[in-house]
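Novice: Here it is, the structure, as structure tokens.
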Amino acid sequence: MLRDSYDVIVIGGGTAGVIAAVQSARAGAGTLLVEKTGMLGGTMTMAAVNFPGIFHAWGRQVVAGIGWELVSRCVSECGGTLPDFDAIPPRPWMHQVRINPAVYAALCDEAVVESGADLLLHTMLAGVRRDGDAWRVTVCAKGGLREIEARALIDCTGDADAVGLAGGPLTVHEEKQPGTLVWRVGGYDVEKLDLHAIDAAFDRAVRDGLMSYSDIGWSAESGSLSSWLRRGGGSSNHVRGVSACDSEGRTRMDIEGRRLIMRMYRFLRRQPGLEGLTIEFMAPECGVRETAIIVGEETVTLDDYWSGRVWPDAVCYAFYPIDLHMDSGSGLDCRPLPEGVTPTAPRGALIPKGCPNLLVAGRCISSDRLANSALRVQAASMATGQAAGALAALAARSGQDVRTVPMPELRALLESHGALVP
């Protein structure tokens, strides 16, 4: 039964939030996890970006712990095999791990419930205020508004919603990375298609302003519909020019994503050989790459990330190329890390300025725009989620602030739960 008071409340049951809640509860803290949808897992389940990474760098594992436990268990449950992580791939993304979203969502349920944390789905965050030494969190459940107390609060919304409501400082860049709505098509035999003619028809439609190359890929300047058809769709599109920072913007992004799909669907079915094309899958919502970023006690810059700086208060590793998606041009600024470099993330980047015992994990940790484009991915979000869960549990149970918990205690707790700490 839902209580009126917890040691730790985690807002957001996505990539970082599930891990944060499980870690907090396994550490012995009374924990509540609040999620706005009916399914845990975030982008891996609701947005179908079901290829998390990257857990390994330069032939060794750099992110482990609870996130890796769930991902590897999901692969095992489905009878799959993991990549050969000892071999360094030509492209880092080749070490992303394909998982089944339905199985992963169910495993998240199991992990949260078995940890002893309470779980509240179909519930939105409505308010956050400081009351003495505690946070008063107002949530909107199906029965109405309810206020719950927490000694420590973790914002895993991906959008820094809790920090914003608490009055914490945020950075919101005018330009945002475009979103992506994942979908897959079938009902055709690609070998029987006149791909040259279909490509030519698509090129004409783009020139006439009826279609866009970003409907089938990252670039706004060129694209190959025949390659897209061979893949059967997937995550290759950009939903451009929309900020998903608030409910209005998020609504527009999801509508624009479905409009893109219908535009493509109607065009494709007019092409010879594609009359029977079907939409086999569409994600429930767009994958969002960028909204708000907190102003933290410390900020990870591109130089910090690119150089592999090991922060004195480092809580985890991260590994992914600079991966800034853009509305124009080639659509992607991708810069692989220098050989041997493995970046780290500091505790201070998880702590918004002026907000005692409030932590952030996931894609809105304190970082500049280019560093954030790499830190936002799933393995790093899981690692910061576990760090935040451990830190919140230690602070709440000891009566300390998250800023003053001794780093040796934090590192020891994380390592006892399988995390790899710099």
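Novice: Against the condition touching a residue at least 60 places away in the same chain (Cβ under 8 Å), open to solvent by 10 Å² or more (accessible area, probe 1.4 Å) and closer than 30 Å to Ser212 by Cα, how does Pro321 come out, does it pass?
Specialist: Yes; evaluated as a whole, the condition is true for this residue.
Novice: Right, something else. Of all residues in region 141-171, which are open to solvent by 10 Å² or more (accessible area, probe 1.4 Å) and assigned to a strand (DSSP E or B)?
Specialist: Scanning region 141-171 gives Ala141, Gly144, Leu145, Arg146, Glu147, Glu149, Arg151, Leu170, Thr171.
Novice: For Glu174, which of the numbered conditions (1) of a type outside the set (S, T, N, Q); (2) free of Cβ contacts under 8 Å to residues at least 40 places away in the same chain; (3) under 30 Å from Glu297 (Cβ atoms); (4) in a strand (DSSP E or B) fails to hold?
Specialist: (4)
Novice: For the subset of region 110-130 comprising residues that are among the hydrophobic types (A, V, I, L, M, F, W, C), in contact (Cβ under 8 Å) with a residue 24 or more places away in the chain and assigned to a helix (DSSP H, G or I), which member is nearest to Ser5 (Cα to Cα)?
Specialist: The qualifying residue nearest to Ser5 (Cα to Cα) is Val112.
Novice: Here's a follow-up. Evaluate region 223-246: report whether one residue or more is of a type in the set (Lys, Arg), within 28 Å of the chain's Cα centre (by Cα) and open to solvent by less than 70 Å² (accessible area, probe 1.4 Å).
Specialist: no
Novice: Ok, one more. Kindly establish whether Ala412 is open to solvent by 10 Å² or more (accessible area, probe 1.4 Å), touching a helix residue (DSSP H, G or I) at 6+ places or on another chain (Cβ under 8 Å) and either part of a helix (DSSP H, G or I) or not polar (S, T, N, Q) (or both). Can you show your working first?
Specialist: Values: open to solvent by 10 Å² or more (accessible area, probe 1.4 Å): yes; touching a helix residue (DSSP H, G or I) at 6+ places or on another chain (Cβ under 8 Å): no; either part of a helix (DSSP H, G or I) or not polar (S, T, N, Q) (or both): yes.
For Ala412, the condition - open to solvent by 10 Å² or more (accessible area, probe 1.4 Å), touching a helix residue (DSSP H, G or I) at 6+ places or on another chain (Cβ under 8 Å) and either part of a helix (DSSP H, G or I) or not polar (S, T, N, Q) (or both) - is not met.
Novice: For Thr301, which of the numbered conditions (1) out of contact with any Asp or Glu (no Cβ under 6 Å at 6 or more places or on another chain); (2) over 30 Å from Asp254 (Cα atoms); (3) open to solvent by 40 Å² or more (accessible area, probe 1.4 Å) fails to hold?
Specialist: Every listed condition holds for Thr301 apart from (1).
Novice: Moving on to the next point. Which condition number does Ile261 fail, the rest of (1) in a helix (DSSP H, G or I); (2) over 25 Å from Phe51 (Cβ atoms) being met?
Specialist: Result: Ile261 fails condition (2) only.
Novice: Tell me, yes or no, whether region 26-33 has at least one residue that is small (Gly, Ala, Ser), more than 13 Å from Ala111 (Cβ to Cβ), surrounded by fewer than 24 Cβ atoms within 10 Å (Cβ to Cβ) and modelled with pLDDT under 95.
Specialist: Checked region 26-33: no residue is small (Gly, Ala, Ser), more than 13 Å from Ala111 (Cβ to Cβ), surrounded by fewer than 24 Cβ atoms within 10 Å (Cβ to Cβ) and modelled with pLDDT under 95.
Novice: Could you pull out the residue among Asp323, Asp327, Asp368 that is modelled with pLDDT of 95 or more and more than 26 Å from Leu70 (Cα to Cα)?
Specialist: That would be Asp368, the only listed residue that is modelled with pLDDT of 95 or more and more than 26 Å from Leu70 (Cα to Cα).
Novice: If you don't mind, another one. Examine region 368-380 for a residue that is within 13 Å of the chain's Cα centre (by Cα) and in a loop (DSSP other than H, G, I, E, B), and state whether such a residue exists.
Specialist: Yes; the residues of region 368-380 include at least one that is within 13 Å of the chain's Cα centre (by Cα) and in a loop (DSSP other than H, G, I, E, B).
Novice: Here's something else I'd like to know. With respect to Gly249, is the statement that it is closer than 30 Å to Gly164 by Cα and either acidic (Asp, Glu) or assigned to a helix (DSSP H, G or I) (or both) true?
Specialist: So Gly249 fits the description; yes.
Novice: So which residues in region 42-69 are touching a residue at least 60 places away in the same chain (Cβ under 8 Å) and not in a loop (DSSP other than H, G, I, E, B), if there are any at all?
Specialist: Taking region 42-69 and keeping what is touching a residue at least 60 places away in the same chain (Cβ under 8 Å), we get 42-49, 52-58, 61-69.
Within region 42-69, Gly42, Thr43, Met44, His56, Ala57, Gln61, Gly65, Ile66, Gly67, Trp68, Glu69 meet the criteria.
Conditions tested, residue by residue: (1) open to solvent by 70 Å² or more (accessible area, probe 1.4 Å); (2) in contact with a Gly (Cβ under 7 Å, 6 or more places away or on another chain).
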position	(1), (2)
Pro52	no, no
Trp58	yes, yes
Ser76	yes, no
Ala105	no, yes
Gly116	no, no
Leu121	no, yes
Asp131	yes, no
Arg136	no, no
Val139	no, no
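Novice: Counting only residues that are touching a Phe, Trp or Tyr at 6+ places or on another chain (Cβ under 9 Å), farther than 22 Å from Gly223 by Cα and not acidic (Asp, Glu), how many does region 236-280 have?
Specialist: 1
Novice: Okay, moving on. Ala220: touching a His at 6+ places or on another chain (Cβ under 8 Å), within 19 Å of Ser373 (Cβ to Cβ) and not in a helix (DSSP H, G or I), yes or no?
Specialist: yes
Novice: May I pose another question? Among (1) open to solvent by 10 Å² or more (accessible area, probe 1.4 Å); (2) small (Gly, Ala, Ser); (3) touching a His at 6+ places or on another chain (Cβ under 8 Å), there is one condition Gly42 misses while meeting the rest; what is its number?
Specialist: Single failed check for Gly42: (3).
Novice: Now a separate question. Which of the residues belonging to region 177-192 are among the small types (Gly, Ala, Ser) and either buried (at least 24 other Cβ atoms within 10 Å of the Cβ) or not in a loop (DSSP other than H, G, I, E, B) (or both)?
Specialist: We begin by selecting, within region 177-192, every residue among the small types (Gly, Ala, Ser); these are 179, 186-187.
Gly179, Gly186, listed by residue number.
Novice: Continuing with this model, one more query. On the basis of being among the charged types (D, E, K, R) and in a strand (DSSP E or B), does Glu280 make the cut?
Specialist: For Glu280, the condition - among the charged types (D, E, K, R) and in a strand (DSSP E or B) - is met.
The values are calculated or read from the model by the stated rules, or taken from the named source; none is laboratory data. Please read all numbers here as calculations on a predicted model, not as lab measurements. Ideal geometry is used to build each Cβ from the backbone, glycine not excepted, and the neighbour counts take in all protein chains shown. What goes into the accessible areas is simple: the full protein's heavy atoms, side chains included, and nothing from ligands, DNA or RNA. Shrake-Rupley method; radii C 1.70, N 1.55, O 1.52, S 1.80 Å.
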